[in-house]
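Report on the structure given below.
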Amino acid sequence: MDSAATALFRTKNDTTLPAFSSAQLRVLHQSLSDLGIEAEQIAEAASYSLAMVVRYALGLSAQGGQVGAVISNSLSGSVALATVRHLVNSGAVAQLILLADESSYTGHTGRQLSFLKKMHVAMCSWTGEPGEKPRMNSLLESCHNIICGFSDPLSSSLQAVDPALLELLNEASTPLH
């Protein structure tokens, strides 16, 4: 596997945070699949681990924590939604920002979304409308942590994420996971 990683996020002081490429993640996923480990197992294991990281960031207890999640219909969206499920089960309050129409969420991601609907987790959509930025900025700033689940390493084509939303996430003072 190629060891070069690309910068995905940047901090306010222009420090960039690397990420594996989609091709690297597809190779990793295929290797895991060859061992009999399926995408839903990967998502559940990753979500439990990420929930523990966020709980630590919240002071070891999710009770009363405000968590936001930006979600697409993807493997990382499944991980983010399952992470939110774990956190809500531990007492956090969550807000989901959906990057597509709710009906387009399918498979594991759709099942995770339906669990959270039954748990009465608040949801809104990012439409990219010009007047939406202040509302989203306010929502993001009201959270103690934000979970980003909008990439799909298993897809050969990258899903475009609205640059205005990426700018909001990069400028948020809220920790991103």
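What to note about this one:
- Counted residues, the range 44-71 - those being modelled with pLDDT under 90 and within 17 Å of Asp152 (Cβ to Cβ): 0
- Per-region count, the range 36-88, residues free of Cβ contacts under 8 Å to residues at least 12 places away in the same chain and not acidic (Asp, Glu): 9
- Of all positions in the range 121-128, at least one carries a residue that is on the phi > 0 side of the Ramachandran plot and out of contact with any helix residue (DSSP H, G or I) (no Cβ under 6 Å at 6 or more places or on another chain).
- Per-region count, the range 32-81, residues touching a Gly at 6+ places or on another chain (Cβ under 6 Å), farther than 13 Å from Gly149 by Cα and crowded, with 17+ Cβ neighbours inside 10 Å: 2
- Test: Thr127 is of a type outside the set (Gly, Ala, Ser) and over 18 Å from Ala39 (Cβ atoms): yes
- You will find that of Ala39, Ala46, Ala62, Ala80, the residue that is in contact with a helix residue (DSSP H, G or I) (Cβ under 8 Å, 6 or more places away or on another chain), hydrophobic (A, V, I, L, M, F, W, C) and closer than 23 Å to Leu165 by Cα is Ala80 and no other.
- Any hit, the range 145-155, residues being touching a residue at least 40 places away in the same chain (Cβ under 8 Å), farther than 26 Å from Pro175 by Cβ and either basic (Lys, Arg) or surrounded by 14 or more Cβ atoms within 10 Å (Cβ to Cβ) (or both): yes
- Thr109 being more than 20 Å from Val53 (Cα to Cα), without any contact (Cβ under 8 Å) to a residue 24 or more places away in the chain and hydroxyl-bearing (Ser, Thr, Tyr): no
- Cβ-Cβ distances below 9 Å connect the following pairs, each with a first residue in the range 120-144 that is open to solvent by less than 30 Å² (accessible area, probe 1.4 Å), a second residue that is basic (Lys, Arg) and modelled with pLDDT of 85 or more, and a separation of six or more residues or different chains: Val121/Arg85.
- For the range 10-24, a residue qualifies if it is farther than 16 Å from Pro175 by Cα, open to solvent by less than 90 Å² (accessible area, probe 1.4 Å) and at pLDDT below 80, and the qualifying residues are Ala19, Ser21, Ser22, Ala23.
The values are calculated or read from the model by the stated rules, or taken from the named source; none is laboratory data. Predicted, not measured: the structure shown is a model, and the values here were computed from it. Quick reminder, even Gly has a Cβ in these numbers, built from the backbone with ideal geometry, and neighbours come from all protein chains shown. What goes into the accessible areas is simple: the full protein's heavy atoms, side chains included, and nothing from ligands, DNA or RNA. Shrake-Rupley method; radii C 1.70, N 1.55, O 1.52, S 1.80 Å.
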